[in-house]
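Visitor: Shown below is the structure under consideration.
Taken together, the values in this text are just the output of simple stated rules run on the coordinates, not laboratory data. Just so it is clear, the structure is predicted and the values come from calculations on it, not from any experiment. Ideal geometry is used to build each Cβ from the backbone, glycine not excepted, and the neighbour counts take in all protein chains shown.
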Amino acid sequence: MPARSFRKITAPRLEPVARGVWVMRGGFPPPRTMNVYLIEDDGGVTLFDAGIEAMAPWIAEAATRLGGLKRIVLGHGHEDHRGAAPGLGAPVLCHPEEVSYAEAAGPTPYFEIERLESRLFRKLMPRLLHEWDGGPVEVAGTLSEGDEVAGFEVKHLPGHAPGLIGFWRESDRLALVSDTCYTLDPQTLPPRFGPPRLPHAAYNWDSVKARASVRKLAALEPRLVWAGHADPVIGDCRAQLERAAAAAEGDS
């Protein structure tokens, strides 16, 4: 197959999420489960989360069509969320507690891959994380709870990562929450989608705080929750998030 044809088949598409917000879902083969968000921002766009390294050309192309990439905000600094950032040439911002991780080389130090139940994923994940990662980023500035970016309020939602942040827009109750919750099973191939759940403890900095952050998100009573992977949470988001937190009681 010619390279141009393969690129067309594998290219992720922009999908509208809400007013002035688009999701791009990357990863190959389908289903593509790596989500990044492009948000209208004063004639250009802000990118929330940076997905995996292979997504960089498509993110750059989409951002150019939308007026140009002004900044990248990392929901957190894990390999599959900072991956494309070094290749995009835009200033990178994150929470103060995430700077040291975003700027560090090598795997995230608090991951405990051996805690995964699946033998396949215990072997596979270190290789995938290395492949997805574009390497360390240079952080140009920080964002904390209550700051405003492109019409969204920053929410600190620690647990999966110490400096995990989400974006909250009160006007339409839209939440972009990085890996505060998952809507897939991270140990199945192909991935099984379903109701929201907490990230697996093997990937969490602090699972107790992760549960508290899901409850904090639920208390906002969002109408639509888009996470860092897979499909959104729709319907009665508060009830689904509260069930996810309750189901994770005892995990640590």
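Visitor: Output wanted: per-residue J couplings in Hz (rounded whole) for segment 141-151, from phi through Karplus 6.51 cos²θ - 1.76 cosθ + 1.60, θ = phi - 60°, x for Gly and Pro.
Guide: x, 10, 10, 10, 3, x, 5, 10, 9, 6, x
Visitor: For G26, which sequence-distant residues (separation of 5 or more, or a different chain) have an amide H within less than 5 Å of its own amide H, given hydrogens modelled in the peptide plane?
Guide: T33, M34, N35, V36
Visitor: Could you run the Debye sum over the Cα atoms of segment 159-252, one equal point scatterer each and no solvent, and tell me log10 of I(q)/I(0) at q = 0.12, 0.14, 0.15 Å⁻¹, two decimals?
Guide: Values, matching the q order: -0.31, -0.43, -0.50.
Visitor: For segment 91-96, just list the computed ³J(HN,Hα) in residue order, Karplus coefficients 6.51, -1.76 and 1.60, θ = phi - 60°, integers in Hz, with x standing in for Gly and Pro.
Guide: Each residue of segment 91-96 in turn: x, 10, 10, 7, 5, x Hz.
Visitor: From the phi angles alone, apply the Karplus equation (6.51, -1.76, 1.60; θ = phi - 60°) to segment 221-234 and give each ³J(HN,Hα) in whole Hz, x where the residue is Gly or Pro.
Guide: Each residue of segment 221-234 in turn: 6, x, 8, 8, 10, 10, 9, x, 9, 6, 8, x, 8, 10 Hz.
Visitor: In whole Å, what is the distance between the alpha-carbon centres of segment 106-156 and segment 161-185?
Guide: A separation of 14 Å, based on Cα centres.
Visitor: Something else now. Of (1) 0.99; (2) 1.07; (3) 0.94, which one was derived for Rg/Rh (Cα atoms, Kirkwood Rh) from the structure shown?
Guide: Correct label is (3).
Visitor: Okay, next question. Could you size up the charge dipole of the chain around its Cα centre, putting +1 on the beta carbon of Lys and Arg and -1 on that of Asp and Glu, and report it in debye to the nearest 20?
Guide: Working: 28 positive and 33 negative charges, 183 e Å.
Approximately 880 debye in magnitude.
Visitor: Could you list R173, R127, R197 so that the one with the fewest beta carbons within 10 Å of its beta carbon is first and the one with the most is last?
Guide: Working: R173 15, R127 9, R197 20.
Listing R173, R127, R197 from fewest to most nearby Cβ atoms yields R127, R173, R197.
Visitor: By the scheme Lys and Arg +1, Asp and Glu -1, what is the net charge of all other residues having a beta-carbon under 10 Å from that of H95?
Guide: Details: positive: none; negative: E97, E98, E145, D147.
Taking every other residue near H95 into account, the sum is -4.
Visitor: Can you pull the three principal axis extents for the Cα set of segment 1-120, in Å, largest first?
Guide: 42, 41, 26
Visitor: Using alpha-carbon pairs under 8 Å, 6+ residues apart, how would you state the relative contact order of segment 11-247 in percent? Display every interim value, and only then the final one.
Guide: On the way: 559 pairs, mean separation 38.0, N = 237.
Reported relative contact order: 16 percent.
Visitor: Given the -39500 (n - 2.57) contribution per DSSP H run of 4+ residues, what per-residue ellipticity at 222 nm results for the chain, rounded to the nearest 500 deg cm²/dmol?
Guide: Values: 7 runs with 64 residues, N = 252.
Mean residue ellipticity, 222 nm, calculated: -7000 deg cm²/dmol.
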